[in-house]
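Student: Please find one structure pasted underneath; my questions will follow.
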Amino acid sequence: MGDLADFIQIHSEELYQALRLYVWRAGFDAIDPIAQELLSEVTIEALRHESRFDAARHPMSWILGIAVNLLKRRRQQTRRLDQREPLIRDLVDRSADLDEDEILERLLHPTDPIEQETLRPLLARLSPEDQTLIELAVIHDLNGEAIAAQLGIRPGAARMRLHRALARLRQFYLQQDKETL
């Protein structure tokens with residue numbers, strides 16, 4: 001493990017500068033922090049898989065190949081996150097500075113007449129089971145395990161059902177939004 005580790009240590013600044021260029025070309029905004037993280041990840045991966053390294057190759061090209069693969073993964077993760085479902089926060093007035101619990105409370109018990117007019121029909125479109133899940137999570141502030149105990153199901157199932165109930169609520173909201181346009 002010594003030769004590759006020594007190479008990385010000796011050429012760390014050169015490697016870091018190359019990674020900065022790769023990060024920039026990949027289109028990331030925070031170049032320096034990502035390049036620093038990438039340098040750490042590349043070092044770990046290279047040393048972890050040192051047995052695969054062909055000594056006939058130049059270590060820098062092998063290490064940069066690892067960096068390219070790690071950057072591709074990071075970019076895919078970023079794209080997935082960017083294509084996420086709208087958050088529950090997207091369902092209420094965006095000018096209000098509320099945390100998630102306050103937002104869900106506001107969804108379930110709107111006080112503003114406009115919100116009542118908008119949100120009650122959305123909640124009414126949910127099945128009674130979905131309404132119960134959202135009520136247990138929001139009103140009673142129960143986590144996945146507590147909801148599971150209440151409903152007599154596994155915690156993973158409770159979290160999944162809650163996630164799906166919230167996704168359906170978001171979907172109804174987005175459908176309503178499109179219908180009003």
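Student: Modelled label-to-label distance, ILE10 and ASN143, 7 Å Cα→beta-carbon offset: nm?
Tutor: 5.1
Student: Taking a quarter of the surface of the Cα convex hull of segment 11-57, what do you get in nm²?
Tutor: Convex hull of Cα atoms, orientation-averaged projection: 3.7 nm².
Student: Given the whole protein assembly as supplied and a 1.4 Å probe, what does the accessible area of ILE147 come to in Å², nearest 10?
Tutor: Surface accessible to solvent at ILE147 totals approximately 0 Å².
Student: Hey, another quick one. Return the long-range amide H neighbours of LEU142 (sequence gap of 5 or more, or a different chain), with a cut-off of under 5 Å between placed amide H atoms.
Tutor: For LEU142, the qualifying residues are ALA137.
Student: Moving to a separate point now. Provide the solvent-accessible area of ASP32, counting protein heavy atoms only and rolling a 1.4 Å probe, rounded to the nearest 10 Å².
Tutor: 70
The values are calculated or read from the model by the stated rules, or taken from the named source; none is laboratory data. From a predicted model like this one, the values you see are computed outputs, not experimental measurements. Cβ sites come from the backbone with ideal geometry, for glycine too, and all protein chains shown count toward neighbours. Only protein heavy atoms, including side chains, enter the accessible area calculation; ligands, DNA and RNA are left aside. Shrake-Rupley method; radii C 1.70, N 1.55, O 1.52, S 1.80 Å.
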